[in-house]
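Asker: Sharing a structure here in structure tokens format.
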Amino acid sequence: MRVANLAGRLVLIDARGHAVDVEGASGGRFAAEPQAVFTRWADFRAWASATELPAGEPFDPRDLGSPVPQPRQVLAVGLNYRDHAAESGFGVPDTLPPVFTKFASSITGPVSEVVVPEGGHTDWEVELVAVIGADARNVPESEAWSHVAGLTGGQDLSERITQLQGVSAQFSLGKSLPGFTPMGPWLVTPDEFADPDDVEVSCSVNGEQVQKSRTAQLIFSVPRLVAELSAVLPLLAGDVLFTGTPGGVGMGRDPQRWLAPGDVLVSRVEGIGELRQTFTAPPPAASS
Ligand code: ZN
């Protein structure tokens, strides 16, 4: 099952790639607001699998919002692939890797324009994103997938100067500039994957591939992250978990490379789809 946010309304994506409005198809049983469905996820899945859906409508991917537009918590994990930990100058973590948030105001849909801050070092990080479908507290690893509504693609865009300056790192701030958390194009339920623990993630800048790996290479898998994080705090239905990025970010290259106005970043997650970010210069300051 594929679930999306089309112009602020919850839709199912049918086999032809067309959108079926959920509020309409369910006769109002499920609300149009995309975030609300995650607190009724089991009901929603049961309804969707038992219902003959009407024909969907074609749509423009630019009208997609984040499939998870207003999570109560965004948890993001750093240094969760060996090659990225190495290029960042760290060893392989044997305890839970660094966990930070991406503030919710930075969330956008999968096709967007992003302003590159002037004088910044703006970097890419393609990631698999897991979305929580049932409140999770002290969930064992073996039961973790049943608390995941589905998977989507994400970019953990990062402003490295803001992220790394100061007496201690500022991961959350440096990764939360406007537009720095695109997600999508839709959420795909775990049953749709041959193996939800082994999914290819990749991205390219202006057509040149810069990252490519598989989530089987995660040091802490999705189930292990759900187990370890839910032992510390409750994960709530509709929360978002950015699982970490593989090697190949701009910071780890020699010479280092940063995103600039005019660059186009295309990120792909196998079995889900594509995100496309176009970078622009800040608007000129208002003159008097
Ligand atoms: Zn990241």
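Asker: Subtract the Cα-Cα distance of residue 31 and residue 274 from 0.36 nm times their separation in residues, and report this length gain in nm to one decimal.
Answerer: 84.8 nm
Asker: Hey, another quick one. Pull out a ≥ b ≥ c, the square roots of the eigenvalues of the alpha-carbon gyration tensor of the range 175-253, then state rounded if a/c is under 1.5, prolate if not and a/b is larger than b/c, and oblate in the remaining case.
Answerer: prolate
Asker: A follow-up question, please. In a GNM of the chain with a 10 Å cut-off on Cα contacts, which of 116, 205, 11 has the highest mean-square fluctuation?
Answerer: So, out of 116, 205, 11, the one fluctuating most is 205.
Asker: On a full-extension model of 0.36 nm per residue, what is the gain between residue 208 and residue 281, subtracting their alpha-carbon distance, rounded to one decimal in nm?
Answerer: The span from residue 208 to residue 281 would gain 24.1 nm if fully extended.
Asker: What residue among 44, 90, 30 shows peak mean-square fluctuation when the chain is described by a Gaussian network model with Cα springs under 10 Å?
Answerer: Judging by the Gaussian network model, the answer is 90.
Asker: Can you compute 3J(HN,Hα) from phi for each residue in the range 140-149, using the Karplus curve 6.51 cos²θ - 1.76 cosθ + 1.60 with θ = phi - 60°, rounded to whole Hz and x for Gly and Pro?
Answerer: x, 3, 5, 10, 5, 4, 6, 9, 9, 5
Asker: Something else: Note down the nm distance, to one decimal, between modelled labels 7 Å out along Cα→Cβ at residue 51 and at residue 260.
Answerer: 4.9 nm
Asker: What is the chain by shape, rounded, prolate or oblate, if you read a ≥ b ≥ c off the alpha carbon gyration tensor as root eigenvalues and call it rounded for a/c under 1.5, prolate for a/b larger than b/c, and oblate otherwise?
Answerer: Here the chain falls in the oblate category.
Asker: Okay, next question. Under a Cβ-only charge scheme (Lys and Arg +1, Asp and Glu -1), can you give me the dipole magnitude of the range 2-59 about the Cα centre, in debye to the nearest 20?
Answerer: About 160 debye.
Asker: Could you tell me the convex hull volume per residue, in Å³, taken over the Cα atoms of the range 87-128?
Answerer: 139 Å³
Asker: Can you tell me, using C-alpha contacts under 8 Å and at least 6 residues apart, the relative contact order of the range 36-144 as a whole percent?
Answerer: Once divided by the residue count of the range 36-144, the mean separation gives 33 percent.
Asker: Hey, got the dipole for the chain? About the Cα centre, +1 on K and R Cβ, -1 on D and E Cβ, debye to the nearest 20?
Answerer: So the magnitude is around 420 debye.
Asker: Springs between alpha-carbon atoms under 10 Å, Gaussian network over the chain: tell me which of 21, 197, 94 tops the mean-square fluctuations.
Answerer: With Cα springs under 10 Å in the chain, the top fluctuation among 21, 197, 94 is at 94.
Asker: Turning to a different aspect of this structure: Go through the range 218-234 residue by residue and turn each phi into a ³J(HN,Hα) via Karplus (6.51, -1.76, 1.60, θ = phi - 60°); whole Hz please, and just put x for glycine and proline.
Answerer: Couplings: 4, 5, 10, 5, 3, x, 5, 4, 4, 5, 6, 5, 6, 7, 9, 8, x Hz.
Asker: Separation between the residue 59 and residue 7 pseudo-spin-labels, each 7 Å from Cα along Cα→Cβ, expressed in nm?
Answerer: Roughly 0.9 nm, to one decimal.
Asker: Name the long-range amide H neighbours of residue 134: under 5 Å, sequence gap of 5 or more, or other chain; modelled H, no Pro or chain starts.
Answerer: 149, 238
Asker: Is the range 2-59 best put as rounded, prolate or oblate by its Cα gyration tensor, with a ≥ b ≥ c the root eigenvalues, rounded for a/c under 1.5, and otherwise prolate when a/b is larger than b/c, oblate when not?
Answerer: oblate
Asker: If I fit a long axis through the Cα atoms of helix 41-50 and take the longest principal axis of the Cα atoms of the chain, what angle between them do I get, 0 to 90°, rounded to 10?
Answerer: Orientation of helix 41-50: about 50 degrees from the principal axis.
Computed from the coordinates by the stated procedures, all read-outs in this text should not be read as laboratory data. Owing to the predicted nature of the structure, the values given are computational and were not obtained by experimental measurement. So basically every Cβ, Gly included, is an ideal-geometry build from the backbone, and we count neighbours across all protein chains shown.
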